[in-house]
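Below is one structure; the comments refer to it alone.
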Amino acid sequence: MQQHPHTSRRRTGRLAGLTAALAAVVGLSTLTGPGAHAADNPYERGPAPTESSIEALRGPYAVSQTSVSRLSATGFGGGTIYYPTTTADGTFGAIAISPGFTALESSISWLGPRLASQGFVVFTIDTLTTVDQPGSRGDQLLAALDYLTQRSLVRSRVDSSRLGVMGHSMGGGGSLEAAKTRPSLQAAIPLTPWNLDKTWPELRTPTLIFGADGDSIAPVASHAEPFYNTLPSSLDRAYLELNNASHFTPNTSDTTIAKYSISWLKRFIDNDTRYEQFLCPLPRPSLTIEESRGNCPHTS
Ligand code: 9J3
Ligand code: ZN
């Protein structure tokens, strides 16, 4: 797909000068418009979002991919890096995503192009063994991010200060572990997470947890809900319980997971407040959302 041209970030030179002059003349430091917005936030990427743009199967960026062999990886099992093809938009924030117990990268691979096409570098990984526990999966997510920013072919495209983690089930439990270990992470999104550790007061990373109402493997009452409830109340945090969903709902393309994940990653990895409208007020219960919890408005 062709990338949508930026109306804002390239409006430089004479037009930007004119805009600034106009702002000065009318005395409006808050004059908004495409140029003013981007200047306020150097991490903003892509056009202004709409409900349909965050629900789409693909976002505005054309996506390329490169595989990382298991043998070339240290501390994780290799994987696939999905990234915006363009080099005209500067660096991008990045995320690593872990599969769950007994599962392969293929079980979460739909998220690669779906999220990368919105303007992120996305590393879907295999774990060292398919039976690794959440603590190990957390370490592996961090090893994958280190590989991505330090050694990968696309390292120059990644902003190493704007990183996040996601994962399914024990990989979701691993994303909590990774955020606990590395508080500099900017976003965590556990998907129907599983962990024996039920308490996460140590986290400082904005965290969006997805539960599934019909999950009998990681029941929300003993996994996703206590994980959410024990995050600091001062943290930017949210809990979305998918309606009519199972433990394995995150393993196939899902628009509810995609739209709120994109919004959370944009809001907290890119500091892009254009996406706040999709997160606050919290989505109301619907055919797709059983229940939602969270702090609004966000504080970071
Ligand atoms: O990654 C997962 O699907 C965790 C759920 C599980 O099978 O736990 C049993 C030990
Ligand atoms: Zn704990």
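The values are calculated or read from the model by the stated rules, or taken from the named source; none is laboratory data. Given the structure is predicted, the values throughout are model-derived calculations rather than measurements. No Cβ is skipped: glycine too gets one built from the backbone with ideal geometry, and neighbour counts run over all protein chains shown.
Descriptive notes on the structure:
Quick grid of which residues meet (1) over 16 Å from I97 (Cα atoms); (2) within 16 Å of ligand 2 (Cβ to nearest atom); (3) outside the structural domain of G100 (by TED's automatic domain parsing); (4) not polar (S, T, N, Q):
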| residue | (1), (2), (3), (4) |
| --- | --- |
| S169 | no, no, no, no |
| L176 | no, yes, no, yes |
| L196 | yes, yes, no, yes |
| W200 | yes, yes, no, yes |
| R204 | yes, yes, no, yes |
| I217 | yes, no, no, yes |
| L242 | yes, no, no, yes |
| D254 | no, no, no, yes |
| R267 | yes, no, no, yes |
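- Condition met for S175 (touching a residue at least 60 places away in the same chain (Cβ under 8 Å), within 16 Å of ligand 1 (Cβ to nearest atom), part of a helix (DSSP H, G or I) and among the hydroxyl-bearing types (S, T, Y)): yes
- Just one of the numbered conditions (1) outside any loop (DSSP other than H, G, I, E, B); (2) touching a Pro at 6+ places or on another chain (Cβ under 9 Å); (3) surrounded by fewer than 24 Cβ atoms within 10 Å (Cβ to Cβ) is not true of T124: (3).
- Of all residues in the range 92-125 being polar (S, T, N, Q) and in contact with a helix residue (DSSP H, G or I) (Cβ under 6 Å, 6 or more places away or on another chain), the one that is farthest from ligand 1 (Cβ to nearest atom): Q118
- Matching residues in the range 255-291 - criterion: being part of a loop (DSSP other than H, G, I, E, B) and touching a residue at least 12 places away in the same chain (Cβ under 8 Å): D270, N271, D272, C280, P281, L282, P283, P285, S286, L287, T288
- If only residues of the range 178-194 that are within 14 Å of ligand 2 (Cβ to nearest atom) and surrounded by fewer than 24 Cβ atoms within 10 Å (Cβ to Cβ) are counted, the one that is farthest from A245 (Cα to Cα) is T181.
- Helices (runs of 4 or more DSSP H) enclosed by the range 13-118 - at least 3 residues per element that are at pLDDT below 95: 14-26, 34-40
- Close Cβ contacts (under 9 Å, 6 or more residues apart or on different chains) running from residues in the range 201-230 that are more than 14 Å from S292 (Cβ to Cβ) to residues that are among the acidic types (D, E) and within 12 Å of ligand 1 (Cβ to nearest atom) comprise H223/D215.
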